[in-house]
Amino acid sequence: MQATANISESSVPGLSREPAIKITASRAALIPQLGDVWAHRELLYFLIWRDLKVRYRQTFLGVAWVVLQPLLMTLVFTVFFSKLGHFRSEGVPYPLFAYAGLVPWTFFANSVSTGSSSLLSNSYIITKVYFPRLLIPAAIVGVRLIDFLIASAVLIVLMMFYGIAISRSMLMLPVLVAEITLLAVAVGSWFSVLNIKYRDVGTVLPVLIQLWMFASPIIYPSNIIPQQWRFVYSLNPLVGIMEGFRSSFFGLPFEWNAMLVSSITTLLLLGYVLYVFYRWQERLIDKL
Amino acid sequence: MLPIIQVKNISKQYHVGGSSTVAPTLREALLAAFKFPFNGRNGKQANAPDLFWAVKDMSFEVNPGEIVGIIGRNGAGKSTLLKIISRITKPTTGEVNIYGRVGSLLEIGTGFHPDLSGRENIFLNGAIIGMRREEMRRKFDDIVAFAEVERFLDTPVKYYSSGMYMRLAFAVAAHFEPEVLILDEVLAVGDAVFQKKCLEKMKEVGREGRTIFFVSHDLSSVQRFCTRALLIESGQLLQDGAVGEVTDRYLQLISEKYEVAG
C-alpha cells in the first residue's frame, strides 16, 4: 500500500517509497498477479451473481435445465448403451451409473465451452476497466459449479430411490469437486485466450469436447479399456476424477493410482495454463 | 511534494490491419497452442507500415491534488494514455508508478446489463469499477437520490430512458472516491442539466483534494477546472504547463492544421 515517507527521494539517496501500482512493459510476475485475483474476489462474486440473475430472468426452464440436461443424456445413453448395447456398470443400475458420470461431465464441458467465449463476450467490460482477466472464465466456472451442486443433490435423491446407501466414501467428494473445478478453470481459461488468438478455435472446440467425453469413463466403466492401454488412458485427468466420483457416490473401491495421476496432471495443467494466460492476456487485450 | 503519478518514457505500439497471427489451418492452430508460450518475441518481419506508435516516449508527473486536463485532437493518443495508466493495456516501453488508489472512468455505466434492474446494476457497475460491497451499501441511498430513479429502481434498465440510464450510471461513478480519478470525456454525453451536475460533482471532488486526470474536448471546462494541462499530438506530449498557455497552443495547432489542409 502507499508508503508515507515525507522526505524527498533526492535528499536521502537509496530511500524510496513503494508504488501502490507499478505498470511496466515487461511481463508481471505470477504470484503478485494471483494476489491481485484474491484482492478482487468480491468482483468474482458479482460476476457469478450477474450470470445467475440474468440466466434466470432470460430463460423459461431456468433451474430445471440444470438437472434436465444430464437427465436427458442419461436417458439416451441408457436406451442405447445399456438396453441395446449391454454395457456393464459395476453393479449399479445403469441409469444411475451414467447420471453420476454425466453430472460432473456437464459441469466440466459447459464450463469449458462457455468459458472459451467468455473473454470475447465480455470484451466490452475488459477494454474499459481493469481487473484481473482470470476472473471472467473463473466466474463462468463458478456459475456451473452451482449448477453442479444442484444436479448432485438430485443424484442423491435418485440414489435413495434406487436404494443405494450413502457411504463414508462420500467424504472424498469435496476433494474431487475441488479437483474438477481447478481442471475446469484451467481448460476454460486456456481456451478463452486461444479463442482470441485463433478465432477458429470456437468451431473446433465442440468436436474436441465430444471426443474428450468418449475418451473418459463417463458412460462406460474404465475397466473395459484393455490392460496394456490403461496407463496411457489414465493420463486423461478426467479418468481418475470420474472413477473417483463414482466410487465416492456409490461406495465402490477407489482407484488410487488413477486418481493420483489425475491430481498430478491437473496441477501441471493448471500451472501451465496460468503461465500461458498471464503471458498472453496482456497482448491479446489489444486484439479485442 | 512527492508525485502521486509518475509516467516515465512510455510508448505504445499497435499492429495495424491484417498483420495477423490467426492460424489459417487447424493443424497450425493446434501446434501453436502447445508451442506459443515457448516462442520468444514474435519475430516480426520488418512490417514497418504495419506498426503504429499511438504513444511515443511520454514522461510527466502529477502531484496530489492537481487537476490535470489532457487535450488534443482526435486520434492524438489521449485515450491510449489513459488506458495505459488504467492498466487496461500494457505500454510497449517505459513505466508508470502510481502511489495511491486509482479509479478509472473511461465510460459510464460499464457493465450495465439491460435485463437487470437499476438496483442490481448499481451493485454490478460499482463492483466492476472497483467499489467495495460495504461502500456501495453505505452509499446506496445517496446514489439513488442523486440519480433520481427511486420509482424505477426495480425495473430492468432496458426500459429506462437514455436520460435515466445516464443519470444512474453517472450517480454510481460520482460516488466512487479513489485517490486518483481518471476520466475520459465522460462529460461529452448528456444534456445541459446533466453536464452541469457532472461539473458540480467534479468541482466537489476537486475541493476534497483528490487528484483528477481527465480528457476533454470542452476547452471551457478544462480552463475552469484545471490548473495544468497536457497537450497531446500524434502520440507525443507537446506541451505540459499552465492551462492558459496549453489551450492557446492547442488552438494555434488547430488553426495551423486548418490552413495547411484548406
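The values are calculated or read from the model by the stated rules, or taken from the named source; none is laboratory data. Keep in mind the model is a prediction, meaning the values are calculated, not measured. Cβ atoms come from the backbone with ideal geometry, glycine included; neighbour counts cover every protein chain shown. For accessibility, only protein heavy atoms count, side chains too; no ligands or nucleic acids. Shrake-Rupley method; radii C 1.70, N 1.55, O 1.52, S 1.80 Å.
Summary table below
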read-out	value
Scope the stretch A:197-206; condition in a helix (DSSP H, G or I) and either open to solvent by less than 90 Å² (accessible area, probe 1.4 Å) or away from chain B (no Cβ under 13 Å) (or both); matching residues	A:Lys197, A:Val201, A:Gly202, A:Val204, A:Leu205, A:Pro206
Single match in B:Arg73, B:Arg87 (criterion: under 17 Å from B:His217 (Cβ atoms), open to solvent by 20 Å² or more (accessible area, probe 1.4 Å) and among the basic types (Lys, Arg))	B:Arg73
For B:Val68: the one exception among (1) in a loop (DSSP other than H, G, I, E, B); (2) within 25 Å of B:Phe225 (Cβ to Cβ)	(1)
Of residues in the stretch B:133-143 being in contact with a helix residue (DSSP H, G or I) (Cβ under 6 Å, 6 or more places away or on another chain) and open to solvent by less than 30 Å² (accessible area, probe 1.4 Å), the one nearest to the other protein chains (Cβ to nearest Cβ)	B:Met136
Filter pass, B:Gly118 being on the phi > 0 side of the Ramachandran plot and crowded, with 22+ Cβ neighbours inside 10 Å	no
Some residue of the stretch B:120-130 being away from chain A (no Cβ under 12 Å), in a helix (DSSP H, G or I) and over 21 Å from the mean Cα position of the chain (by Cα)	no
Answer residue from the stretch B:97-115, given it is part of a strand (DSSP E or B) and crowded, with 22+ Cβ neighbours inside 10 Å and is farthest from the other protein chains (Cβ to nearest Cβ) among those	B:Leu105
Residue check, A:Thr127 of a type in the set (Ser, Thr, Tyr) and buried (at least 20 other Cβ atoms within 10 Å of the Cβ)	no
Failed condition for A:Ile209, given (1) open to solvent by less than 30 Å² (accessible area, probe 1.4 Å); (2) within 29 Å of A:Ser167 (Cβ to Cβ); (3) at pLDDT 95 or above	(2)
Residues of the stretch A:86-139 satisfying the condition of being on the phi > 0 side of the Ramachandran plot and among the charged types (D, E, K, R)	A:Glu90
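Residue-by-condition table, conditions (1) open to solvent by 20 Å² or more (accessible area, probe 1.4 Å); (2) of a type outside the set (Asp, Glu); (3) in contact (Cβ under 8 Å) with a residue 60 or more places away in the chain:
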| position | (1), (2), (3) |
| --- | --- |
| A:Val92 | no, yes, yes |
| A:Ala100 | no, yes, yes |
| A:Pro104 | no, yes, yes |
| A:Asn110 | yes, yes, no |
| A:Ser116 | no, yes, yes |
| A:Ser123 | yes, yes, yes |
| A:Phe131 | no, yes, yes |
| A:Leu135 | no, yes, yes |
